Amino acid sequence: MTKRDLIEELVRRYPRYSRRDSEVIVNSVFDSVASTLRSGGRVEIRGFGSFIVKQRQGREGRNPRTGRLVTVPPKRLPFFKVGKELRLRVDGKLAANSTAAAS
């Protein structure tokens, strides 16, 4: 599923929003997630999962073409940790409607 598919799904489910409004909503969500992660925060979406930033230490690596040593600088990388409910849904062990009953 692409960003465009998300926008189309939002328009289909909520016809009162225009395509442009739906695009603004999707972009706002993504921008909020990115900005929170950039500032070192954590984004948790209950029943879906959480996004966190992990720090990678600098290290010595090798250039695969020449075999020479290169210094790889430290960096911050985003990671996604899947939530239990999503994991069960993907595995087919939890129906989409049973979430309301579990709450």
Report summary line: Between Met1 and Arg42, Cβ-based FRET efficiency (R0 30 Å, step 0.05) works out to 0.80
Report task. For an R0 of 30 angstrom, estimate the FRET efficiency from the Cβ-Cβ distance between Asn63 and Glu8 and round to the nearest 0.05. Result -> 0.10
Report task. Quote to one decimal, in nm, the extra length available between Arg19 and Leu77 on full extension: 0.36 nm per residue of separation minus the C-alpha distance between them. Result -> 17.7 nm
**Report entry** Computed label-point distance, nm, for sites Leu88 and Val29 using a 7 Å Cα→Cβ extension
**Finding:** 2.2
Requested in this report: For semi-axes √(5λ) of the Cα gyration tensor in Å, several values are listed as [x] 21, 15, 12; [y] 36, 20, 14; [z] 21, 16, 16; flag the one computed from this structure.
Outcome: [y]
Query raised in the report: Please state the Cα pair-distance histogram of the range 1-58 with 10 angstrom bins from zero: what percent is in each bin?
Result: 21, 38, 30, 9, 2, 0
Report task. For the chain, find the longest principal axis of its Cα atoms and tell me its angle to the long axis of helix 3-13, 0 to 90°, nearest 10. Result -> 10
Requested in this report: Keeping to pairs on different chains or 8 or more places apart, tell me how many lysine pairs in the chain have Cα atoms under 19 Å apart.
Outcome: 4
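Every number in this text was worked out from the coordinates using simple rules, so none of it is lab data. Just so it is clear, the structure is predicted and the values come from calculations on it, not from any experiment. No Cβ is skipped: glycine too gets one built from the backbone with ideal geometry, and neighbour counts run over all protein chains shown.
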